[in-house]
Amino acid sequence: MKAVSLNVGFIPLVDAAPLIAAQEMGFAAEEGIALELVKAPSWSSLRDMLVFGRVEAAHMLSPVPVASALGLGGTGAALSAVSVLSVNGTVIGVSNALAARLREVGHDFAFHDARAAGEALIRAKPADAPLRIGVPFPFSMHAELLYYWLSALGLPAPQSVSIRTVPPPLMADAMAAGEIDAFCVGEPWGSITVENGAGELLLPGKAIWNFAPEKVLAARTDWAESEEALLGRLIRACWRAGRWLAEPDSRGLAAELLSRPEYLNLPVEVLERSLSGRMVINGRGDTRETLGFVGFHKGCATFPWRSQAEWIAHQLAARTGLDRDAALRAGGGAFRSDLHRAALVGSEADLPGASAKIEGAVTAETSIASAHGQLSLLPDSFFDGRVFEPSRGK
């Protein structure tokens with residue numbers, strides 16, 4: 001039987017790995033599909049490719065489907081997140097000049113303490129101008145983590161922070177040109193900034209939210225619902241690819257696949273850093289290790305929890321002036337746990353019994369009720385100890 005071809009868009013990032021591995025390692029072929037992976041130059045162009053039918057599905061920023069449900073961003077079409085492709089995997093970097101000022105105020109670049117790093121950043125920032133921070137897209141986990149982190153520490157935007165949009169592959173150039181003082185970006189583009197001598201890494205995004213849904217597998221809602229069987233094949237292929245990526249022995253081959261010209265076209269050694277969690281943070285070669293720097297499978301990583309979508313909706317409503325309760329109702333439905341469950345029922349995947357949970361409440365690996373009784377959650381705490389309860393929007 002001839003494989004069904006699916007056009008799937010992606011941005012050249014390490015967290016596109018589940019789609020790349022699904023195609024290159026044969027998981028898609030096992031489902032009778034062939035992925036035509038289409039590289040996009042920016043998140044806005046990839047979103048438009050999805051909305052206008054250039055691709056059937058896409059590697060997408062987790063807040064984009066939620067924003068579309070809230071009427072933000074002018075997408076003109078409803079989008080659904082049908083799986084989480086990755087958790088974490090982002091870094092916050094600073095310019096060389098700002099790194100020097102951070103050291104002057106006593107910061108040690110420990111790479112794990114978000115409160116200490118944020119407080120030092122506030123002391124080190126220019127006194128007479130907002131801190132200019134680059135993010136890949138206005139509706140992104142990068143932006144939401146920054147707003148959450150800095151606002152909690154007393155540095156709100158836009159009064160003290162200017163958030164600017166820079167496509168991931170251009171982040172290092174923007175830093176080198178002096179257009180931004182700092183950034184939050186997905187790997188490997190933080191590491192490329194270090195390699196180019198334009199800046200240093202301050203903190204992994206994981207230090208702000210320990211288990212943040214970073215990228216999702218997104219599709220137009222009308223296509224997802226009319227082609228549910230075909231979508232199910234793609235969800236299963238990505239789930240198996242994520243499980244393969246989670247195996248330590250897979251990292252070397254995964255980095256080689258990602259390094260190919262048609263994908264990231266970057267050195268294997270740079271790509272291996274984020275897969276292993278051992279990051280080079282500056283031009284002197286200092287390293288920091290972060291367990292679970294990026295996740296593709298463990299801890300129920302691929303499940304699109306409605307509560308995650310509601311947290312995103314809550315954040316978006318707070319900074320755009322939307323009604324919070326209405327935003328929670330609309331935004332939570334953008335993460336389609338129903339389609340995810342339908343695709344994986346009867347497979348080897350274990351699925352949680354619930355579709356929502358208290359976000360930020362897990363402090364140690366915890367077993368939960370699941371179909372096969374073998375599922376556990378990994379720590380998902382926020383740096384400030386707050387929790388988000390979907391039922392009350394807190």
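The values are calculated or read from the model by the stated rules, or taken from the named source; none is laboratory data. Here the structure is a predicted model, which means the values were calculated and not measured. We place every Cβ from the backbone using ideal geometry, glycine too, and count neighbours over all the protein chains shown. Surface accessibility is based on the protein's heavy atoms, side chains included, excluding ligands, DNA and RNA. Shrake-Rupley method; radii C 1.70, N 1.55, O 1.52, S 1.80 Å.
Dipole magnitude for region 242-394: computed about the Cα centre from +1 point charges on Lys and Arg Cβ and -1 point charges on Asp and Glu Cβ, it is near 400 debye. For the pair Ala34 and Asp338, the difference between a 0.36 nm per residue extended length and the Cα-Cα distance amounts to 107.0 nm.
Only Cα pairs under 8 Å and 6+ residues apart enter the sum, and on that basis the relative contact order of region 124-186 stands at 48 percent. Evaluating 6.51 cos²θ - 1.76 cosθ + 1.60 at θ = phi - 60° for every residue in region 245-254, the Karplus couplings come out as 5, 6, 7, x, 5, 8, 4, x, 5, 4 Hz, glycine and proline recorded as x. Could you tell me what a quarter of the Cα convex hull surface of region 319-394 works out to, in nm² with one decimal place? Directional mean of the projected Cα hull area for region 319-394 stands at 6.2 nm². Would you please classify the overall shape of region 166-249 from the alpha carbon gyration tensor, given that a ≥ b ≥ c denote the square roots of the eigenvalues, rounded means a/c under 1.5, and beyond that prolate means a/b larger than b/c while oblate covers the rest? Prolate, since a/c reaches 1.5 and a/b exceeds b/c.
Charge dipole of region 175-223 (Cα centre as origin; +1 on each Lys and Arg Cβ, -1 on each Asp and Glu Cβ, all else neutral): 240 debye, rounded to the nearest 20. Highest GNM mean-square fluctuation among Asn265, Asn282, Asn210, for the chain modelled with Cα contacts below 10 Å: Asn265. Proximity of backbone amide H atoms, modeled 1.01 Å from N, is registered between Glu359 and Phe388 at under 5 Å, excluding neighbours fewer than 5 places apart on the same chain. GNM remark for the chain: springs join alpha carbons under 10 Å apart, and the peak mean-square fluctuation among Asp249, Asp338, Asp181 falls on Asp249. Relative to the current alpha-carbon distance between Glu289 and Ser367, full extension at 0.36 nm per residue lengthens the span by 25.5 nm. Calculation over all alpha carbon pairs of region 244-375 in 5 angstrom steps from 0 returns a P(r) of 2, 9, 13, 15, 14, 15, 15, 11, 5, 1, 0 percent. The charge dipole of the chain, taken about its Cα centre with unit charges on the Cβ of Lys, Arg, Asp and Glu (plus for the first two, minus for the last two), comes to roughly 540 debye. Kirkwood analysis of the Cα pair distances in the chain returns a hydrodynamic radius of 20.8 Å. Calculate the FRET efficiency for Ser347 and Arg319 from the Cβ-Cβ distance with a Förster distance of 35 Å, rounded to the nearest 0.05. It comes to 0.35.
Listed values for region 375-381 are Karplus-derived 3J(HN,Hα) couplings in whole Hz (6.51 cos²θ - 1.76 cosθ + 1.60, θ = phi - 60°), namely 9, 9, 9, 9, x, 10, 5, and x replaces Gly and Pro. Note on region 1-133: dipole from Cβ charges, positive end direction compared against Gln23, Gly71, Met49; the farthest Cα belongs to Gly71. Using the Cα coordinates of region 1-155, the gyration tensor eigenvalues translate into equivalent-ellipsoid semi-axes of 38, 18, 12 Å, sorted from longest to shortest. Excluding the site residues themselves, the longest part of the chain lacking any GluC sites (Glu not before Pro) in a DSSP loop with at most 15 other Cβ atoms within 10 Å is 1-178. Which chymotrypsin sites (Phe, Trp or Tyr not before Pro) from region 156-221 combine a DSSP loop assignment with at most 12 other Cβ atoms within 10 Å? Answer in residue order: no site qualifies. Restricting the calculation to Cα atoms, region 92-192 shows an Rg/Rh of 0.92 when the hydrodynamic-style radius is the Kirkwood one. Close amide H contacts of Gly283 (hydrogens built in the peptide plane, cut-off under 5 Å, sequence separation of 5 or more or a different chain): none are found. Note on region 204-264 and region 52-70: Cα centroid distance 14 Å, given to the nearest whole angstrom. Give the calculated FRET efficiency between Asn196 and Arg386 to the nearest 0.05, with a Förster radius of 35 Å applied to their Cβ-Cβ distance. Using R0 = 35 Å, I get an efficiency of 0.45. Scalar couplings 3J(HN,Hα) for region 38-49, obtained by applying the Karplus form with A = 6.51, B = -1.76, C = 1.60 to θ = phi - 60°, are 10, 7, 10, x, 7, 5, 5, 5, 5, 4, 5, 4 Hz; x denotes Gly and Pro. Which shape class, rounded, prolate or oblate, goes with region 1-62 when its Cα gyration tensor gives a ≥ b ≥ c as root eigenvalues, a/c under 1.5 marks rounded, and past that a/b bigger than b/c marks prolate? Oblate, because a/c is 1.5 or more while a/b does not exceed b/c. For the chain, the fraction of 1.4 Å probe accessible surface lying on carbon and sulfur atoms is 50 percent. Using the alpha-carbon centroid of each, what span in Å lies between region 288-336 and region 24-46? Region 288-336 and region 24-46 have Cα centres spaced 24 Å from each other.
Considering only Ser160, Ser191, Ser80, the Gaussian network model of the chain with Cα springs below 10 Å gives its largest mean-square fluctuation to Ser160. Radius of gyration (Cα atoms) of region 77-130, expressed as a multiple of 2.2 N^0.38 Å: 1.63.
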